[in-house]
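Colleague: One structure coming up, written as structure tokens, with questions to follow.
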Amino acid sequence: MQPPALRILLLIACFASARGNLSRDESQPTTSDETVVAGGTVVLKCQVEDPDDSSLQWSNPAQQTLYFGEKRALRDNRIQLERSTPNELTISISDVVLADEGEYTCSIFTMPVRTAKALVTVLGIPQKPQIFGHEQPIDEEKVARLLCRSSGSKPAAQLRWRKGNRDIKDSGTEVVEDPNGKTFTVTSRVEFRVTKEDNEVEVTCTVDHESLQNSERSTTQKLQVHYKPTAKIEPHPQYPREGEKLQLQCDGQGNPIPQEFLWEKEGSEAPLQLSSDSVLIFPFLNKSDSGTYVCTATSSMGSVVAKYNLDVSDVPQLPTPHVHSTRGPSQPISHASMASAPSFTPAPIQDASPVPSTSSTYHAMIGGVVAVIVFLLLSLLIVLGHYLIRHKGTYLTHEAKGSDDAPDADTAIINAEGGQAGGDDKKEYFI
């Protein structure tokens, strides 16, 4: 026999277990919330453990039936049936738009009717950002104010700035709801002071949003900064000499580039040249051209001065014989002197005794040596000829009788000398 108290406890446990089984409704459908990017595809799944011989049904936020079991109810080709069984009804919606957002309902028509909600969230993709405020060049040392704007994001996107390789902080962000009431337009502002080093530097605005799925959408613009010009003078050739052609190049740099160049010579009142041409040309250098030349390069941002000290050096020349001239020494004639002197009067003839140059002396010495050698050769030939005429040589070819009988050559010679007197008819003369 069980005690009465134990019986009471067992009865309470059995009642609680029966109540828990009754609270679990196996005919209640289940769904899940979904998030989709605009233009993508969303899949809605509805499941039930005990359909109780009833069919599942999907309806949109406007309570329009999409599918009842495997039967299509709404003529929308974007909505397709994925799976239909007594325990599951799955559909898909492609090319999702912002208007598709809302609560979708899965229903099962039992007694009573049971439903489940699925919230579909559609993300609006932000448009490519645009940068404003860079249309006109910015003067050096002034503040640049730029705007970056992106529309169509849902929820509102985030904008960030970058100048060159460095991130810069914005000075404020504004979010405005678009006319469709679903998306937003975001505007970001940035301000910074520019220098000449910022010319041609890239400024980038990037939009960050969950719909971009780790991809980046940005816009880049180059800054145009106006700054004061710089200039330097380059000679061509680098080492000018008298009599050569010289060009002085005034190399002007800046933004904008200098368009006007003024050439002057220190100590001279009148300017040499004022034009857009940065080159000053000397067709034929004279020593009188030596001096300090000044180039003033001018742009809309101001003027800058560059100087060059010209020192004309002599041209090394080969020695040449002195030539009498009927005119005086040549002098450089400037344009100004030519304008003031319409006629040219030759200088009077100057008496000057010719002075042999070093080259002439060398030629005279060589000519003297050659003349002496020729004279000696001719004298030697004359003496030799006279000697040969005065001393004629003879030789005899006597054939002495009995020489054939001489025992040796010496005896034959002696015998031949004995018969020399009688052999005059056999003499031969050699000159």
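Colleague: Can you name the condition, by its number, that N180 falls short on among (1) polar (S, T, N, Q); (2) within 30 Å of D139 (Cβ to Cβ); (3) modelled with pLDDT under 95?
Modeller: (2)
Colleague: Taking the range 49-90 as the region of interest, how many residues are farther than 19 Å from T110 by Cβ and in a strand (DSSP E or B)?
Modeller: Final tally of qualifying residues: 8.
Colleague: Follow-up. Which condition number in (1) in a strand (DSSP E or B); (2) within 30 Å of T173 (Cα to Cα) is the one that P229 fails?
Modeller: Result: P229 passes all but (2).
Colleague: Name the residues in the range 133-174 that are farther than 30 Å from A38 by Cα, among the acidic types (D, E) and part of a strand (DSSP E or B), would you?
Modeller: Scanning the range 133-174 gives D139, D167.
Colleague: Now for a separate question. Evaluate the following for G172: is it open to solvent by less than 80 Å² (accessible area, probe 1.4 Å), outside the structural domain of N77 (by the TED database) and under 33 Å from the mean Cα position of the chain (by Cα)?
Modeller: Against the criterion (open to solvent by less than 80 Å² (accessible area, probe 1.4 Å), outside the structural domain of N77 (by the TED database) and under 33 Å from the mean Cα position of the chain (by Cα)), G172 does not qualify.
Colleague: Here is a further query. Report the residue count in the range 71-80 for those that are surrounded by 14 or more Cβ atoms within 10 Å (Cβ to Cβ) and either over 15 Å from N60 (Cβ atoms) or in contact (Cβ under 8 Å) with a residue 24 or more places away in the chain (or both).
Modeller: Going through the range 71-80 one residue at a time, the tally reaches 0.
Colleague: Would you please name the residue that is most open to solvent (accessible area, probe 1.4 Å), looking only at residues in the range 201-226 that are touching a residue at least 24 places away in the same chain (Cβ under 8 Å) and in a loop (DSSP other than H, G, I, E, B)?
Modeller: Filtering first and then ranking leaves Q213.
Colleague: Follow-up question, since we're still on this one. Give me the residue from the range 91-115 that is open to solvent by 10 Å² or more (accessible area, probe 1.4 Å) and either in contact with a Cys (Cβ under 8 Å, 6 or more places away or on another chain) or basic (K, R) (or both) and, out of that set, farthest from L74 (Cα to Cα).
Modeller: R114
Colleague: Which of (1) touching a residue at least 24 places away in the same chain (Cβ under 8 Å); (2) hydrophobic (A, V, I, L, M, F, W, C); (3) surrounded by fewer than 16 Cβ atoms within 10 Å (Cβ to Cβ); (4) assigned by the TED database to the domain that holds V42 is the odd one out, the single condition A118 does not satisfy?
Modeller: Looking at each condition in turn, A118 falls short on (3).
Colleague: Got a number for residues in the range 175-189 being of a type outside the set (V, I, T) and free of Cβ contacts under 8 Å to residues at least 12 places away in the same chain?
Modeller: Residues that pass the stated criteria total 3.
Colleague: Further question on the same structure: What do you reckon, is K128 under 30 Å from K222 (Cα atoms) and surrounded by fewer than 19 Cβ atoms within 10 Å (Cβ to Cβ)?
Modeller: So K128 fits the description; yes.
Colleague: Here's a follow-up. Just to check your reading of the model, which residue among S188, S211 is at pLDDT below 95, among the hydroxyl-bearing types (S, T, Y) and in contact with a Leu (Cβ under 7 Å, 6 or more places away or on another chain)?
Modeller: Testing whether each residue is at pLDDT below 95, among the hydroxyl-bearing types (S, T, Y) and in contact with a Leu (Cβ under 7 Å, 6 or more places away or on another chain) leaves just S211.
Colleague: Any chance the range 275-288 includes a residue that's charged (D, E, K, R) and open to solvent by 50 Å² or more (accessible area, probe 1.4 Å)?
Modeller: Yes, the range 275-288 contains a residue that is charged (D, E, K, R) and open to solvent by 50 Å² or more (accessible area, probe 1.4 Å).
The values are calculated or read from the model by the stated rules, or taken from the named source; none is laboratory data. What you see is a predicted model; the values in this text were computed from it and never measured. Heads up, the Cβs are rebuilt from the backbone with ideal geometry, glycines too, and the neighbour counts pull from every protein chain shown. What goes into the accessible areas is simple: the full protein's heavy atoms, side chains included, and nothing from ligands, DNA or RNA. Shrake-Rupley method; radii C 1.70, N 1.55, O 1.52, S 1.80 Å.
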